[in-house]
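Here's the structure we're looking at; comments come further down.
The values are calculated or read from the model by the stated rules, or taken from the named source; none is laboratory data. Nothing here was measured: the structure is a model prediction, and the numbers come from that model. Here Cβ is always computed from backbone atoms with ideal geometry, including for glycine, and neighbour counts include all displayed protein chains. Note: areas computed on protein heavy atoms with side chains; ligands, DNA, RNA excluded. Shrake-Rupley method; radii C 1.70, N 1.55, O 1.52, S 1.80 Å.
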Amino acid sequence: DGKTKTGAIDFTNTYTTYNLGVKKLVEGNQGDKSKDFTFTIKVDGAAGEKYKYIVYTIADNGDETATDQTGVIDSQAIAKTVYLKANQVVRVYGLSANDQYTVNENDYSTDGYKTEVTIGNSKTETTEVKEQKLAADGTIVYTNTKNVTTPTGIVTEYAPYILLVAAAGAFAVLFLRRKKEEF
């Protein structure tokens, strides 16, 4: 009741937040590493919460440099649009264990890209990670791969034999022509 106790009473409240990273990789012999890929990120948390995000460029040695693309995602609002190039990551700060996030990359399959999403050790071919929660800092890796294969078929299958026959024919013509001159 507060009348019989004297002295200080300590209360400790802890509120743990986590950071979400969405990393972009572009692979393949035709992948455009300078192309902007469009992402939307939505966070559903308590009403009125705000989550800061910053886009970083990742150097070959792993160092990250912040770009001028920063902003705030409002909880329960319309998804925020972010543009990522190859070797960039957007970090969203301050998500609690109860906050749900949804990340969606536009579909680039009509441009010839195959999209693969890696969360932890799990890989899936999708463009959307929907209504997930964090229990620790986490990173989602979006990998877009675009390869153009060399056409195969008659050229690569029969060309060596055709060249051998042509070379033998040319040799035969030269050899028989010399023999004819000797007679």
- Task: Kindly indicate the residue of region 33-53 that is charged (D, E, K, R) and open to solvent by 70 Å² or more (accessible area, probe 1.4 Å) and also nearest to ASN98 (Cα to Cα) among those meeting that condition.
- Result: LYS50
- Message: Cβ-Cβ under 6 Å, sequence separation 6+ or interchain: first residue in region 54-68 and within 13 Å of VAL90 (Cβ to Cβ), partner not in a strand (DSSP E or B). Which pairs?
- Response: ILE58/ASN87
- Message: I'd like the full set of residues that are part of a strand (DSSP E or B), open to solvent by less than 50 Å² (accessible area, probe 1.4 Å) and either among the polar types (S, T, N, Q) or farther than 18 Å from GLY31 by Cα (or both), limited to region 103-136.
- Response: VAL103, ASN104, THR115, THR118, VAL129
- Item | Scan of region 83-102 for residues that are assigned to a strand (DSSP E or B) and more than 17 Å from GLN69 (Cα to Cα), ordered by number | GLY94, LEU95, GLN100, TYR101, THR102
